[in-house]
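Laboratory data are not the source of any read-out in this text; all were calculated from the coordinates shown. Note that this is a predicted model, so its numbers are computed, not measured. Here the Cβ is made from the backbone with ideal geometry for all residues, glycine too, and neighbour counts use every protein chain on show.
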Amino acid sequence: MVNPTKGEKVKQEPRVPEKPKRPGKSRMKISDTEEVETSDNEAKASKGLNINWDDEALNWALISAITDDAKIKQGLFPPPGANVSTKNGGGKSKTEHQWALCVALFTEHPVYSPSFALVKTAKDKERWVNKIKNRLKNMITKTHEYIEEMGQTGAGIEREADINI
């Protein structure tokens with residue numbers, strides 16, 4: 001490595017290997033100076049959560065879970081006008097509805113149910129909820145883009161015969 005102030009080469013210190021793990025235990029860093037020992041199951045539940053949203057069945061299951069449950073649909077996509085105030089004790093927050101979607105999607109899912117069953121802490125729960133929240137945001141953004149494109153170009157209707165009235 002080159003010292004940027006003097007242009008001299010600086011010797012890098014070798015990396016110090018981590019302490020060997022005990023079987024069935026992992027180390028989780030919770031700050032710059034503190035680590036906590038956790039079980040392997042807890043580590044699996046909180047790390048490496050990757051959901052394959054390329055799976056069409058999973059996307060359609062998400063859409064179906066929203067449309068089949070009127071409370072979730074109302075909570076995530078309220079109609080215009082006055083809505084129930086969660087601040088004053090009425091209704092649920094969007095996070096609670098997103099968690100309900102997690103439960104509906106992943107409790108019996110063949111791939112994700114083992115990891116989902118390990119969720120114990122609020123932090124783990126938040127990671128799963130964020131996956132749903134981000135996916136919904138992505139779907140909404142793409143839908144708005146397609147609606148805008150179709151409205152501007154008229155590409156949705158190419159021939160008069162395609163109009164079904």
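Compare the peptides 127-140, 60-73 by average per-residue count of other Cβ atoms within 10 angstrom and give them in order, highest first.
Answer by packing, highest mean first, reads 127-140, 60-73.
Whole-Hz ³J(HN,Hα) for each residue in region 128-135, computed from phi via Karplus 6.51 cos²θ - 1.76 cosθ + 1.60 with θ = phi - 60°, x for glycine and proline: what do you get?
Coupling constants for region 128-135: 5, 4, 5, 4, 5, 4, 5, 5 Hz.
Using the structure shown, select from LYS94/LYS142; LYS71/LYS120; LYS71/LYS142; LYS94/LYS125; LYS71/LYS123 the pairs with a Cα to Cα distance greater than 19 angstrom.
Checking Cα-Cα distances, LYS94/LYS142; LYS71/LYS120; LYS71/LYS142; LYS71/LYS123 exceed 19 Å.
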